[in-house]
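The values are calculated or read from the model by the stated rules, or taken from the named source; none is laboratory data. Every value quoted in this text rests on a predicted model; they were computed, and no experiment measured them. A quick note on method: Cβ atoms are made from the backbone with ideal geometry, for glycine too, and the neighbour counts reach across all protein chains shown. Surface areas here come from the heavy atoms of the whole protein model, side chains and all, with no ligands, DNA or RNA. Shrake-Rupley method; radii C 1.70, N 1.55, O 1.52, S 1.80 Å.
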Amino acid sequence: MANGRTHAIATVLVAMCGAMQVPDNYAGAAWVVGGLAGLILSPDLDQIDSGLNRQGGYYGQYVLRETFPPIVERIFYKYWQGYARIFVHRSFWTHTPVIGTLLRLIYAMPYLIICYKLIPPVFAWALLALCCADILHWVMDWRAWGIIGLFRQ
C-alpha cells in the first residue's frame, strides 16, 4: 500500500496529465481543480480523526495548511470528523472507486453547490478528475503491491 506522500504525488500527476487530454482550456482548468481536489477530498478523509497524517495517512492536511488561512483548516477538520467517525479506514464505503467518491461528494454537498454555481459547464470535468484520482488511490492501496515491494509504507 502506498503512503500519503506517494498518493499525493500520484494525484498531482493525474491532475496535470489529464489536463493535457481535455478539449479546451476551461475543461483543462476544471480537470486540474478536480484532480487537485483529490488531495483534499481524498479517500483517506476516513482517518482525519486519528491524528492527521500519522504514518503517512491523510496528506490533504498539508495542502490546507499551506494554501488557506488556519481557520479554513480548522473548519474543514471539524466538518470531516463526523465522516471519519462513521466510517472505518479503508472500508468498502470510503475506498471503493466511484462509491467512495460519491459518498464524499454527498457529504460535501453544501460546498459543491457553491462550486457548481460558479463553474457549471465544466463541473463534470472536475468530477471526472476527482474520480480518476480516487481510482488511482484505490489501485495503489492494493495489498499485492506490498508483496512485490512496490508502494511500501
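Observations on the model:
- Residue that is most open to solvent (accessible area, probe 1.4 Å), among those in the range 63-93 that are over 15 Å from residue 111 (Cβ atoms) and assigned to a loop (DSSP other than H, G, I, E, B): 88
- Complete set of residues in the range 15-29 that are hydrophobic (A, V, I, L, M, F, W, C), under 25 Å from residue 76 (Cβ atoms) and either at pLDDT below 80 or open to solvent by 30 Å² or more (accessible area, probe 1.4 Å) (or both): 16, 19, 29
- Leading residue by the ranking (most open to solvent (accessible area, probe 1.4 Å)) among those in the range 94-103 that are in a helix (DSSP H, G or I) and closer than 18 Å to residue 4 by Cα: 95
- The lone exception for residue 115 - which of (1) modelled with pLDDT under 75; (2) within 14 Å of the chain's Cα centre (by Cα); (3) not β-branched (Val, Ile, Thr) it fails: (2)
- For beta carbons closer than 6 Å, sequence separation of 6+ or different chains, a first residue in the range 83-106 that is closer than 15 Å to residue 40 by Cα and touching a residue at least 40 places away in the same chain (Cβ under 8 Å) and a second that is part of a loop (DSSP other than H, G, I, E, B) and basic (Lys, Arg), there are no qualifying pairs.
- All of (1) farther than 23 Å from residue 16 by Cβ; (2) open to solvent by less than 80 Å² (accessible area, probe 1.4 Å); (3) among the aliphatic types (A, V, I, L, M); (4) modelled with pLDDT under 80 hold for residue 148 with one exception: (2).
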